[in-house]
Each structure stands twice: as C-alpha cells, then as structure tokens.
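Input: a single structure, listed below in structure tokens.
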Amino acid sequence: MDTAPAHRLTPHVIRTEAQLRALIGEPAEIVCAKISDRLNEMTQMFVERSPFVCLATSDRDGRCDLSPRGDPAGFVRILDDRTLLIPERPGNRLADTLRNVLANPHIGMLFAVPGVTDTFRVNGRATITVDAGLLAPCAVEGQVPAMGILVDIEEAYTQCSKAFLRSHLWDPSRFVDPALMPTGGQVHRAIQGGHFDAEQYDRERAERYRQRVGFY
C-alpha cells in the first residue's frame, strides 16, 4: 500500500498503474507494434533530416534533465541500425547531460524535423566517446568535436502529430515576436538583482553569436 503523502497542493493524485489504466485504458495493439529495437529505412529518415534533438537523462538519484542539441540536419550520425553518435559541441560547461550519463547511462531522444508534425523517439543506453575516428566525420566549420555520445538503441518509434498540431508549432502566424520575451540578460537580472547589467550582457552575447564564438 502506498503511504506517500499527497501533493502539497492537492490530495487527488494517481499513485499506481492500476489507477492510471482505469482512467486512460490500454494502448491499442497497433501502437505497441510500432516500437522497435532498431532503425529501419523509414525511421532513419527522421534522424538524417533532423537539425534538432532533445536529450533526456537523469542522475543516479533520478533527478532529470532535458537538453536541446542542434546542428545542420543529419548531425546525429547513424553508425548502424542500432547505434547513433551525437557530437558534443562547446557549451556552458555545466555538462548536465554528460555528468548524468556518467552516473546513469539511460537516455531518451526526441528528433524534430522542421515542418513535419510527426516526431521520432529513441530510448537507449549512452556512452561518452573520444574516438577520433568516429568523431572526425562530425566536423563542422573545420572543428572536430572533442567527444560524443554513443547511443545503443533499445526502443525506437515515431510519435504521432497531436502535440505539434495542438500547439501549432510550425504555423508562422502563431510565432511570437522575440521582443515580447525576456532576454537572457533580463532573466539574469531577475535572479541576481537590479545591480546586474542586463543590457551589457545581451550586447556581449549577441556579439559572440554574431562572430559564432564557441559554436564549434
């Protein structure tokens, strides 16, 4: 019997799969049938044409992290039908994904292709590699990544379009004017206090981006 306390905002929570299934039912047979342990000639097209993937990892205690990766389409290399290689580009050095992989190799991936409402999900086990031979084809702008993440595929399947259709993600008429959103500097100031020079931070970051400093 589950004796865990209710959520601090409500006692009305689901705690068992039996409760969950009573509410949502069982998945259809056709849904279960699409899950594979490898790529095929159809699903590999999502990897080859995707310039953007999100990586889900967690540490040994189950604390989760979700990190975006982006590069020219096809940047995630298909080594064979059960193995992917994600190049690791320069970042903020927090290394959340990499530290998690060292502690817990389980990883989830979500590939998105611009304009396409189906997505592609991969779950598997991750290993950090510094193999120069594997990484050399990942070079962009003459820069070979220092490391990459190998993913041994355990589950691979397409995700239906409902999330993208509900969100109108690819509909240009729904795009938000960036001027209506906070800048990185403004977010820093909200955290650190009014003394933080948000404008200088944004100017300097924009200049680094203009010069592509630290991109590769």
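The values are calculated or read from the model by the stated rules, or taken from the named source; none is laboratory data. Keep in mind it's a predicted model, so treat the numbers as computed, not measured. Cβ atoms come from the backbone with ideal geometry, glycine included; neighbour counts cover every protein chain shown.
The table for this structure:
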quantity: Unmet criterion (only one of (1) in contact with a helix residue (DSSP H, G or I) (Cβ under 9 Å, 6 or more places away or on another chain); (2) of a type in the set (D, E); (3) closer than 23 Å to D61 by Cβ) for E154; calculated: (1)
quantity: Selected residue [modelled with pLDDT of 95 or more and over 18 Å from V113 (Cα atoms)] from D59, D71; calculated: D59
quantity: Residue ID - surrounded by the most Cβ atoms within 10 Å (Cβ to Cβ), chosen from residues in region 186-216 that are part of a helix (DSSP H, G or I) and of a type in the set (S, T, N, Q); calculated: Q186
quantity: G108 being in contact with a Pro (Cβ under 7 Å, 6 or more places away or on another chain) and farther than 24 Å from G133 by Cβ; calculated: no
quantity: Residue pairs meeting the criteria (Cβ under 6 Å; at least 6 apart or on separate chains; first at positive phi, in region 193-216; second surrounded by 12 or more Cβ atoms within 10 Å (Cβ to Cβ)); calculated: G214/P90
quantity: Lone qualifier among T129, T158, T183, T119 - being closer than 26 Å to P72 by Cβ, polar (S, T, N, Q), modelled with pLDDT of 95 or more and over 16 Å from the mean Cα position of the chain (by Cα); calculated: T129
quantity: Helices (runs of 4 or more DSSP H) fully within region 23-107 counting 2 or more residues that are in the same structural domain as V140 (by TED's automatic domain parsing), out of contact with any Phe, Trp or Tyr (no Cβ under 8 Å at 6 or more places or on another chain) and surrounded by 12 or more Cβ atoms within 10 Å (Cβ to Cβ); calculated: 44-48, 96-103
